[in-house]
Structures are given as C-alpha cells and as structure tokens.
Amino acid sequence: MLKQKDMEDAMVMAHQNFMSNLGESLDILEGELKQAGEMTSICNDEWCNVAESYIDDMHKSIYSISEPRWLSQEDSRKLKDLRKRVRELYRNFAHVKQGRSA
C-alpha cells in the first residue's frame, strides 16, 4: 500500500502545482486587462482576438479539472475560486472590449 500512498501524494502535489500555475496565469491576464482598461484604444481586433483566445483557453483548462475524491476541502475551494475568477475575467474583458474600464 505504500506505493499507492506515494502515487496519491504525487497526484495531489501535481494537482496543486497545476492549480497554482493556473492562478498565476489568471493574475497575468487580470493585470493585462486592467492595463487595457486604462487605455482608450487598446482593444483593436488583433489584441481582442488574442486576449479572448487566452481567456477561452484558461476557461477550458480550469473547467476541465475534475474534483477527485482525494481532493482536500482547501484545494476544492481553490478550484472554485479559479472558476469564479475566470468568469470575472470574461466579464471584465467584455467591458474592455466595449471601451469601458472594468
């Protein structure tokens, strides 16, 4: 059973690292959108398409994560927080795309 415990520990660590990296990526995207909201003409077609593509990729990555039975309450909460943040990012992007600051 030690090997199974080691495998579960490795999976938990990989899961936590992945969610941490997704959180850092969301931080970067949020910063970019905040800067874009402060500029009046940033959302040209190219920038908007690229930004929307990144947000779509983040959305797909975050919502494709299942909640395994061994996931701790804290990690489950972090996943829910990531999902909430990506929804807010979409909302903020829509404001920037319309020319308003979020």
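Nothing in this text is a laboratory measurement; each read-out follows from the coordinates by a stated rule. Here the structure is a predicted model, which means the values were calculated and not measured. Methodologically, a virtual Cβ is constructed for each residue, glycine included, from the backbone with ideal geometry; neighbour enumeration extends over all protein chains shown.
Which of Val12, Val50, Val86 has the fewest other C-beta atoms within 10 Å, and how do the rest follow up to the most?
Val50, Val12, Val86
Hey, if you put +1 on the Cβ of every Lys and Arg and -1 on every Asp and Glu Cβ in segment 2-97, which of Cys48, Phe93, Ser66 ends up farthest toward the positive end of that dipole?
Ser66
Over the Cα atoms of the chain, what radius of gyration and what Dmax do you get, in Å?
Taking only Cα atoms of the chain, I get Rg and Dmax of 16.9, 60 Å.
Given charges of +1 on the Cβ of Lys and Arg and -1 on the Cβ of Asp and Glu, with all other atoms neutral, how large is the dipole of the chain about its Cα centre, in debye to the nearest 20?
Roughly 440 debye, rounded to the nearest 20.
If exposed trypsin sites (Lys or Arg not before Pro) are those in a DSSP loop with at most 14 other Cβ within 10 Å, what is the longest stretch of the chain that has none?
Within the chain, the longest run free of exposed trypsin sites (Lys or Arg not before Pro) spans 1-68.
Counting only C-alpha contacts under 8 Å and six or more residues apart, can you give the relative contact order of the chain as a whole percent?
42
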